[in-house]
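K.L.:
Pasting a structure here, questions to come.
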Amino acid sequence: MKSLLVILLSAIFVDNFVLSKFMGICPFLGVSKKLDSAAGMGAAVTFVMVCATLCTYPIYMLILVPMGLEYLKTIAFILIIALFVQLVEMILKKKVPSLYSALGVFLPLITTNCAVLGVTILNIDNSYNLVQSVVNSLGAGLGFTLALLIFSGVRSRVNAADVPETFKGVPATLIAASIVSVSFMGFSGMFG
């Protein structure tokens, strides 16, 4: 139980996919303008990460490894992730059209979000079992969501601030993102 808690907290704070591994930067920068769309994207990515792990791990262990096809894991994992993104997209379009509209082009981009693919591959590379993989994926999704929510708040403050003309827009956003990223470095060495 302690090891699962360490995996979860490490994935959220220390090995944060956005702020530590720099994966998933596109939706991080694109969807963090509004708190509600950031929360929605975080929930969607977390759902896809956990569900993709629940499918990719058994497929890898029960099909690819016994058949000696480990080299196909990236292709297989991308196909599974695409399936879940389509599922999330259909559910949001039907049940929460406002969130579907707010996420816009970034929702289908979850398919190519390297954080989602990265967590499924890193679970295998770290030799996690299925339970550890799911916990790591949940932590990675929660860490992604936390980063989006924190950065959404930071962006709203930066946009309301009196910023020199040279730094308005993208430069201020990137500087704020780097400061948020550096703040998470304080967690390094805390778990594990």
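K.L.:
Looking only at segment 8-47, count how many residues are over 11 Å from the mean Cα position of the chain (by Cα) and not in a loop (DSSP other than H, G, I, E, B).
P.N.:
Result for segment 8-47: 14.
K.L.:
In addition: What pairs come out if I take residues in segment 151-164 that are polar (S, T, N, Q) and pair them with residues that are assigned to a helix (DSSP H, G or I) and exposed (fewer than 15 other Cβ atoms within 10 Å of the Cβ) whose C-beta lies under 8 Å away, six or more apart or interchain?
P.N.:
Listed pairs, sorted by first residue: Ser152/Leu35; Ser156/Leu35.
K.L.:
Okay, next question. Could you check Leu138 against (1) in contact with a Ser or Thr (Cβ under 8 Å, 6 or more places away or on another chain); (2) buried (at least 23 other Cβ atoms within 10 Å of the Cβ); (3) of a type in the set (A, V, I, L, M, F, W, C) and say which number it fails?
P.N.:
(2)
K.L.:
Cβ-Cβ distance below 7 Å, separation of 6 or more or different chains: which pairs start in segment 54-65 with a residue that is closer than 17 Å to Ser137 by Cα and end on one that is assigned to a helix (DSSP H, G or I) and among the charged types (D, E, K, R)?
P.N.:
Close Cβ pairs satisfying both conditions: Tyr60/Lys73.
K.L.:
Check every one of the helices (runs of 4 or more DSSP H) wholly within segment 100-192 and list those with 3 or more residues that are of a type in the set (S, T, N, Q) and either in contact with a Phe, Trp or Tyr (Cβ under 9 Å, 6 or more places away or on another chain) or modelled with pLDDT of 90 or more (or both).
P.N.:
Qualifying helices (runs of 4 or more DSSP H): 130-160.
K.L.:
Report yes if Met61 is over 13 Å from the mean Cα position of the chain (by Cα), among the aliphatic types (A, V, I, L, M) and part of a loop (DSSP other than H, G, I, E, B), otherwise no.
P.N.:
Spelling it out, it is not the case that Met61 is over 13 Å from the mean Cα position of the chain (by Cα), among the aliphatic types (A, V, I, L, M) and part of a loop (DSSP other than H, G, I, E, B).
K.L.:
So, Ser101, is that one buried (at least 17 other Cβ atoms within 10 Å of the Cβ), polar (S, T, N, Q) and closer than 19 Å to Ser152 by Cβ or not? Can you show your working first?
P.N.:
Working: buried (at least 17 other Cβ atoms within 10 Å of the Cβ): no; polar (S, T, N, Q): yes; closer than 19 Å to Ser152 by Cβ: yes.
No.
K.L.:
Quick check on segment 104-125: of everything there that is over 15 Å from Ala38 (Cα atoms) and of a type in the set (A, V, I, L, M, F, W, C), which residue is surrounded by the most Cβ atoms within 10 Å (Cβ to Cβ)?
P.N.:
Val119
K.L.:
In this structure, is Leu92 assigned to a helix (DSSP H, G or I) and more than 16 Å from the chain's Cα centre (by Cα)?
P.N.:
Yes: the conditions hold for Leu92.
Each row is one residue, and each column tells you yes or no for (1) surrounded by fewer than 24 Cβ atoms within 10 Å (Cβ to Cβ); (2) more than 21 Å from Leu122 (Cβ to Cβ); (3) not hydrophobic (A, V, I, L, M, F, W, C).
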{"site": "Ser3", "(1), (2), (3)": "yes, no, yes"}
{"site": "Phe13", "(1), (2), (3)": "yes, no, no"}
{"site": "Val18", "(1), (2), (3)": "no, no, no"}
{"site": "Lys21", "(1), (2), (3)": "yes, no, yes"}
{"site": "Gly24", "(1), (2), (3)": "no, no, yes"}
{"site": "Leu29", "(1), (2), (3)": "yes, yes, no"}
{"site": "Lys33", "(1), (2), (3)": "yes, yes, yes"}
{"site": "Gly40", "(1), (2), (3)": "yes, yes, yes"}
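The values are calculated or read from the model by the stated rules, or taken from the named source; none is laboratory data. Please read all numbers here as calculations on a predicted model, not as lab measurements. Every residue, glycine as well, gets a Cβ built from its backbone with ideal geometry; the counts of neighbours run over all protein chains shown.
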